[in-house]
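Scroll down for the structure; my scribbles are underneath it.
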Amino acid sequence: MSSRFRLYLDQHGSFVMLRGKKILLGITGSIAAYKSAVLTRLFIKEGAEVKVIMTPCAKDFITPLTLSTLSKNPVHSEFYRAADGAWNNHVELGLWADIMVIAPASANTIAKMATGLCDNLLLAAYLSARCPVYVAPAMDVDMLKHPATKGNITKLKSFRNAIITPDTGELASGLYGEGRMAEPEAIVAFVSGELKKKAPLNGKTVLVTAGPTYEAIDPVRFIGNHSSGKMGFAIAQELARQGAEVVLISGPTLQTTGNTSIRLIHVTSAKEMLDECLRFFPSSDIAVMSAAVSDYTPLVTSRQKIKKKGDDLTIQLKPTIDILAELGRKKKVKQVLVGFALETNNELENAREKLKKKKLDFIVLNSLKDKGAGFKGDTNKITIIDKNNKTTKFELKDKKEVAQDIVKKIIDFI
Ligand code: CTP
């Protein structure tokens with residue numbers, strides 16, 4: 001990833017918004033069309049699915065082969081395919097898209113869009129699209145300044161199309177001024193930023209805990225558990241994808257986020273996790289405690305490695321503070337608190353008791369009796385119980401899909 005792209009993403013904090021989005025990329029006849037190859041690549045890298053439509057003139061500037069290779073999809077250009085006469089359904093393309101991006105948008109295409117002309121596939125798809133449309137103009141300085149173009153752009157804005165302001169600089173004509181298509185990185189950041197604004201959890205801060213805790217016995221040994229952190233990290237990613245700013249406090253794990261909307265804080269022990277949770281909870285709207293926190297910690301941690309003596313060894317343990325219960329006590333009316341319950345028997349009964357005792361809004365139950373549920377694996381099987389005792393059972397799913405179910409429940413709840 002280029003440092004410029006990283007900078008944009010850091011500023012916009014919107015790394016995951018394009019994941020899974022269907023993007024219809026319209027390319028028109030402009031020298032800036034060469035940048036559309038990079039733009040396609042960035043969209044794909046962001047996890048989006050891209051279909052490209054080119055105007056006939058765009059093909060003079062960049063080949064369909066480049067774009068079909070980068071987008072991993074056939075490029076559309078004509079109303080029908082010459083080879084077999086099959087119709088390129090512009091209505092289907094328009095309705096398929098979650099977002100339409102026209103980059104570069106030439107003065108000619110902008111004028112046609114403003115007046116509803118429809119003499120190529122790109123314009124037909126534009127008129128058929130019901131999704132948000134983003135337009136990145138590219139033209140010479142005087143063309144952009146012309147009242148006709150200005151009027152057309154104003155008209156597009158009145159259609160609620162978003163205009164991605166062109167850059168100022170040296171132009172293909174040799175003139176200097178405004179008209180260069182925004183850089184692909186800026187377009188990705190712009191679109192991501194707009195999506196983030198519309199996302200259901202935009203403006204919300206969520207505290208998430210994940211992974212195990214390690215309680216030191218001596219400098220080389222600890223009491224821990226098998227938690228991999230996968231569930232908590234998947235929840236954090238999904239929350240960020242829905243627009244939230246996430247503070248993820250994690251015990252030792254191999255998981256990574258690579259997501260600028262997630263602030264990852266590493267801790268080791270239950271006490272460290274408690275301290276970080278107490279630091280961030282007051283400014284959080286929602287907290288999801290999925291960590292497998294150790295319930296006990298050694299009464300004394302030996303400063304030196306405990307030597308083998310041959311006799312039995314007894315380590316005295318003391319209880320740790322229940323972080324979730326502590327947050328339940330501090331919780332303000334508007335804050336949403338979600339806990340987990342990992343059970344092996346009397347699952348529903350135990351989970352309901354935890355929900356009540358820890359003052360939760362809902363609890364996510366997983367039972368180790370269910371095959372494929374719980375620690376380590378990539379799947380989980382959950383039941384969500386809310387404070388009104390509404391109980392929803394879910395099938396065994398990939399942890400990423402389980403995270404979607406949990407986050408959807410949070411969104412419905414708030
Ligand atoms: N939890 C916590 N702090 C602890 C122990 C647990 O925040 N010291 C949280 C976990 O993150 C989880 C919930 O409490 O969200 C339930 O954890 P679980 O281990 O299922 O239950 P416990 O309350 O520890 O009770 P038990 O081990 O007796 O089942």
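Rule-based calculations on the coordinates, nothing more; no lab input. Here the structure is a predicted model, which means the values were calculated and not measured. With ideal geometry, Cβ positions are generated from the backbone for all residues, glycine too; neighbour counts draw on all protein chains shown.
Annotation for THR115 and GLU92: the two label points, set 7 Å from Cα along the Cα-Cβ direction, are 3.1 nm apart. With a Förster radius of 41 Å applied to the C-beta separation of SER68 and LYS376, the computed FRET efficiency comes to 0.50. Exposed loop positions in the chain were taken to be GluC sites (Glu not before Pro) whose DSSP state is not H, G, I, E or B and which have at most 15 other beta-carbon atoms within 10 angstrom. Between these positions, the longest stretch is 79-394.
When shorter helices are ignored and each DSSP H run of at least 4 residues is given -39500 (n - 2.57), the per-residue value for the chain at 222 nm works out to -10000 deg cm²/dmol.
Counting other Cβ atoms within 10 Å, which trypsin sites (Lys or Arg not before Pro) in region 323-414 have at most 10 and lie in a DSSP loop? Here the sparse-neighbourhood loop sites are LYS332, LYS334, LYS371, LYS376, LYS390.
Would you mind getting me the FRET efficiency between ASN388 and ASP295? Use the beta-carbon distance for r and R0 = 35 Å, nearest 0.05. That gives a FRET efficiency of 0.80. Note on ARG130 and ASP311: the model spin-label points, each 7 Å out from Cα along the C-beta direction, lie 7.8 nm apart.
For VAL50, the residues 5 or more places off, or on other chains, whose built amide H falls under 5 Å of its own are ILE23. Potential lengthening of the chain between CYS57 and LYS318 amounts to 86.5 nm, from the contour at 0.36 nm per residue minus the alpha-carbon distance. With loop membership from DSSP and a limit of 14 other Cβ atoms within 10 Å, the longest segment of the chain without chymotrypsin sites (Phe, Trp or Tyr not before Pro) is 160-414. Computed from the C-beta positions of ASP84 and VAL220 and an R0 of 56 Å, the FRET efficiency is 0.20 to the nearest 0.05.
A straight chain from LYS330 to GLU178 at 0.36 nm per residue would run longer than the Cα-Cα distance by 49.3 nm. 3J(HN,Hα) couplings calculated from phi for region 287-301 with the Karplus curve 6.51 cos²θ - 1.76 cosθ + 1.60 (θ = phi - 60°) are, in sequence order, 9, 10, 9, 9, 5, 9, 7, 5, 7, 9, 9, x, 4, 10, 9 Hz; Gly and Pro show x.
The stretch between LYS359 and PHE413, if pulled fully straight at 0.36 nm per residue, gains 17.9 nm over its current Cα-Cα span.
Computed 3J(HN,Hα) for region 205-215, one whole-Hz value per residue from the Karplus formula 6.51 cos²θ - 1.76 cosθ + 1.60 where θ = phi - 60°, is 10, 10, 9, 10, 10, 8, x, x, 10, 10, 10, glycine and proline marked x.
Test of the criteria: in region 113-153, which trypsin sites (Lys or Arg not before Pro) are in a DSSP loop and have at most 16 other Cβ atoms within 10 angstrom of their Cβ?
Numbers: sites: ARG130, LYS145, LYS150; in loops: ARG130.
Listed in order of number, the matching sites are ARG130.
Mind running the shape call on the chain? Use the C-alpha gyration tensor, a ≥ b ≥ c as the square roots of the eigenvalues: rounded below 1.5 for a/c, prolate if a/b tops b/c, oblate otherwise.
Numbers: a/c = 2.68, a/b = 2.38, b/c = 1.13.
Since a/c reaches 1.5 and a/b is larger than b/c, the shape of the chain is classed as prolate.
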